[in-house]
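Take this structure first; my questions come after.
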Amino acid sequence: MRASEFITEGRTGSLQPDVAAALPATYAITSLPNQDPYLQYRFGVAIAGAKGRKQREEDNVPIYSRESPFGENEIVVSFDPNIEKWLDDALHQMGMKPSDAKLLSTHKSEETKDVPTQSPVKGFRGF
């Protein structure tokens, strides 16, 4: 047995022929770095929806957006009415500006108009 048959350090950038033949269609996407999990997640969402794209275009359904409002940014959700004060203080301590925090929702948590807020079960008063 020759060393070149079991030493593969010199073969950079490609797979051994027998390994490549055993894999189904395998791609390396050079513009999608492994160090960015959010970008990988968004690509996964895009590839999952790629098959139905033509039908969505015909039905006038909104097409995929490259970024969500959340993006790779830190998200803080709080019921505390003083959260803005705490965020501003924390951002200041980190050397950031209060304007770095952008409100995505409303200050108050409310159900949407299509959600019933009354229980469908009648009370059993007197029993």
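Tell me which lysines have Cα within less than 20 Å of residue 102's Cα, excluding those fewer than 8 residues away on the same chain?
Leaving aside lysines fewer than 8 places away in the same chain, those within reach of residue 102 are 85.
Turning to a different aspect of this structure: Order 23-31, 103-111, 76-84 from most to least packed using the mean count of other Cβ atoms within 10 Å.
Per-residue Cβ counts within 10 Å, averaged per peptide and sorted highest first, yield 76-84, 103-111, 23-31.
Packing-wise, with mean Cβ within 10 Å as the measure, how do 90-98, 115-123 rank, highest first?
Going from most to least packed, we get 90-98, 115-123.
From the backbone phi of segment 106-117, what are the Karplus-calculated ³J(HN,Hα) couplings (6.51 cos²θ - 1.76 cosθ + 1.60, θ = phi - 60°) in whole Hz, Gly and Pro given as x?
Working through the residues one at a time gives 10, 5, 9, 8, 9, 6, 5, 4, 8, 9, x, 9 Hz.
Values quoted throughout were computed directly from the atomic coordinates according to the rules given, and no laboratory measurement underlies them. Since this is a predicted model, take the numbers as computed values, not measurements. Cβ coordinates were reconstructed from backbone atoms using ideal geometry, including for glycine residues, and neighbour counts include every protein chain displayed.
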